[in-house]
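The values are calculated or read from the model by the stated rules, or taken from the named source; none is laboratory data. Source: prediction; values computed, not measured. Cβ sites come from the backbone with ideal geometry, for glycine too, and all protein chains shown count toward neighbours. In case anyone asks, the SASA skips ligands and DNA or RNA and just uses the protein heavy atoms, side chains included. Shrake-Rupley method; radii C 1.70, N 1.55, O 1.52, S 1.80 Å.
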Amino acid sequence: MTRTRFPALDGLRAVGALAVLTTHVGFHTGTSLNGPFAGILARLDIGVAIFFAISGFLLYRPHAVAWFEGTLPPLTLPYLRNRALRILPALWLAVVLAVVLVPHKDGVTWATYLQHATLTQVYFDGPAADGLTQLWSLATEVAFYLLLPGLAKLLTGYERPTRRSVRWRLVVLGVLIVLGPVWMAAVNATGHPQAGLWLPGYVGWFAVGMGFALWQVARSSGRLGPSALDTLTKVPGTVWGVGAALLLIAASPVAGPYNLSASTPGQAFVKAILYTGIAACVLFPALTPTTRIAGVLGGRVGHIAGDISYGVFAYHLIVLSLVERISGYNLFSGKFALLFFPTLVISAAVAAASYYGMERPIMRLGRRDKSYDVSPVNVDNRASAHPNKIDDWTTAEVTPASPFGQG
């Protein structure tokens, strides 16, 4: 059985992790608050949107393929088991390391760490644990994991996959894309910041990936005819250029303050819309990559970087805290490079040790597959959006490769 691999997504996962690490170092040094590059550094939390879009694509695509082929979709219990095998070991190790290695601030108790270990912290008031503040996005992603089987059934469980039915489902996903910005504007208008961490505010980022998955499978099967998207597959540099332009716009005050102060409803809406557009522009060229793009993002280096990207995400704030303490660094005192390079190198080393020494062995044991890898290299790399026989990606026994997404 062949499982289509989208090799460039390996590198995109690494790009997302690097962006998140960079924006956090920028905040700790103050360079994302002041200086010529403050706006760009502050907006590199766009890495979260990239993760979510990749997750939406990879996790929904098997359902779309099953719909078009008339086969059973992925079974829910094995799917949830595999998600747990992917995210929980590193998550729990990160929580333990934060307890042991990161100083506790006032208000943080054992219950705080338990909430982080169960990814329920976004539903409780109180401070986040230092070293684990980035895990709000993992909690949101897990909410998507739980929602996906039901949402996929609603989208693919009825009607035959005709052009009309595909277009209607793309419309539904388009509505979900608009939901996120509306939710974030409402949250800021009503003064409920906790709700700004919940899934409705970010479901549009997942929907971007889901929409691309449905379009890609429909085009691959010939159910959808040529469109402007086919033209864009031939100009990846232009698409990424549009994404860069949107990032520059987002780096301006139109998308809200660079610090942790609240945005206006309008700023929150604009920021969410811009991040959705950026995520779409970053993801799309990687789905139908040129040989050069596939070689850079999906080659050996990109493959390894994609494998350890979740670990970099999970551990980097703990590493950053240790680097600050060992070097005697004072918060917000500049010197970005002084913190960035040690944090990046040590985080990558810790993530690699975690993946190859713990995460992958646990996944192989849990899946009963001694050769399992998050980003396998010995599968079909011929991802294409153009009409062709659909790849045999999934049956009831097959689940998709894990993005980090964060996972």
Residue among Leu93, Leu148, Leu135 that alone is out of contact with any strand residue (DSSP E or B) (no Cβ under 6 Å at 6 or more places or on another chain), open to solvent by 10 Å² or more (accessible area, probe 1.4 Å) and either assigned to a helix (DSSP H, G or I) or β-branched (Val, Ile, Thr) (or both): Leu93
Checklist (1) touching a Phe, Trp or Tyr at 6+ places or on another chain (Cβ under 9 Å); (2) more than 22 Å from Ala218 (Cβ to Cβ); (3) open to solvent by 20 Å² or more (accessible area, probe 1.4 Å) applied to Ile46, failing item: (3)
Any hit, the range 96-115, residues being in contact (Cβ under 8 Å) with a residue 40 or more places away in the chain and farther than 19 Å from Glu324 by Cα: no
Subset tally (residues that are more than 19 Å from the chain's Cα centre (by Cα) and part of a helix (DSSP H, G or I)) for the range 64-80: 9
Any hit, the range 167-175, residues being open to solvent by 50 Å² or more (accessible area, probe 1.4 Å), farther than 26 Å from Gly225 by Cβ and not aliphatic (A, V, I, L, M): no
Number of the exception - Ser55 against (1) open to solvent by 10 Å² or more (accessible area, probe 1.4 Å); (2) touching an Asp or Glu at 6+ places or on another chain (Cβ under 7 Å); (3) in a helix (DSSP H, G or I): (1)
Count of residues meeting criterion [out of contact with any helix residue (DSSP H, G or I) (no Cβ under 7 Å at 6 or more places or on another chain) and assigned to a helix (DSSP H, G or I)] in the range 19-39: 3
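Only one of these is surrounded by fewer than 22 Cβ atoms within 10 Å (Cβ to Cβ), of a type in the set (A, V, I, L, M) and under 19 Å from the mean Cα position of the chain (by Cα): Ile278, Ile249, Ile273. Name it.
Details: Ile278 fails: surrounded by fewer than 22 Cβ atoms within 10 Å (Cβ to Cβ); Ile249 fails: under 19 Å from the mean Cα position of the chain (by Cα).
That would be Ile273, the only listed residue that is surrounded by fewer than 22 Cβ atoms within 10 Å (Cβ to Cβ), of a type in the set (A, V, I, L, M) and under 19 Å from the mean Cα position of the chain (by Cα).
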Test: residue in the range 358-379 that is surrounded by fewer than 16 Cβ atoms within 10 Å (Cβ to Cβ) and among the aromatic types (Phe, Trp, Tyr): no
Restricting the range 326-350 to residues that are touching a residue at least 60 places away in the same chain (Cβ under 8 Å) and closer than 24 Å to Ala90 by Cα, the residue that is most open to solvent (accessible area, probe 1.4 Å): Leu344
Looking only at the range 148-182, and only at residues there that are without any contact (Cβ under 8 Å) to a residue 24 or more places away in the chain and touching a helix residue (DSSP H, G or I) at 6+ places or on another chain (Cβ under 7 Å), the one that is farthest from Thr264 (Cα to Cα): Glu159
So Val25, is it among the aliphatic types (A, V, I, L, M), touching a residue at least 60 places away in the same chain (Cβ under 8 Å) and open to solvent by less than 10 Å² (accessible area, probe 1.4 Å): yes
Complete set of residues in the range 189-214 that are of a type outside the set (Gly, Ala, Ser), surrounded by fewer than 24 Cβ atoms within 10 Å (Cβ to Cβ) and not in a helix (DSSP H, G or I): His192, Trp198
Restricting the range 294-314 to residues that are closer than 27 Å to His116 by Cβ and touching a Gly at 6+ places or on another chain (Cβ under 9 Å), the residue that is surrounded by the fewest Cβ atoms within 10 Å (Cβ to Cβ): Ala305
Which listed residue, of Leu317, Leu287, Leu283, is within 26 Å of Ile87 (Cβ to Cβ) and modelled with pLDDT under 95: Leu287
Test set (1) assigned to a helix (DSSP H, G or I); (2) farther than 22 Å from Tyr315 by Cβ - Pro161 fails condition number: (1)
Given (1) hydroxyl-bearing (Ser, Thr, Tyr); (2) crowded, with 17+ Cβ neighbours inside 10 Å; (3) at pLDDT below 85; (4) within 18 Å of Phe284 (Cα to Cα), number of the condition Thr233 does not satisfy: (3)
Single match in Ser321, Ser309 (criterion: of a type in the set (S, T, N, Q), over 30 Å from Asp230 (Cβ atoms) and touching a residue at least 40 places away in the same chain (Cβ under 8 Å)): Ser321
Positions within the range 315-346 being at positive phi and of a type in the set (D, E, K, R), in sequence order: Lys335
Residue list for the range 97-111, filter: assigned to a helix (DSSP H, G or I) and either surrounded by 12 or more Cβ atoms within 10 Å (Cβ to Cβ) or charged (D, E, K, R) (or both): Leu97, Ala98, Val99, Leu101
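Would you say Arg86 is outside any loop (DSSP other than H, G, I, E, B) and crowded, with 20+ Cβ neighbours inside 10 Å?
yes
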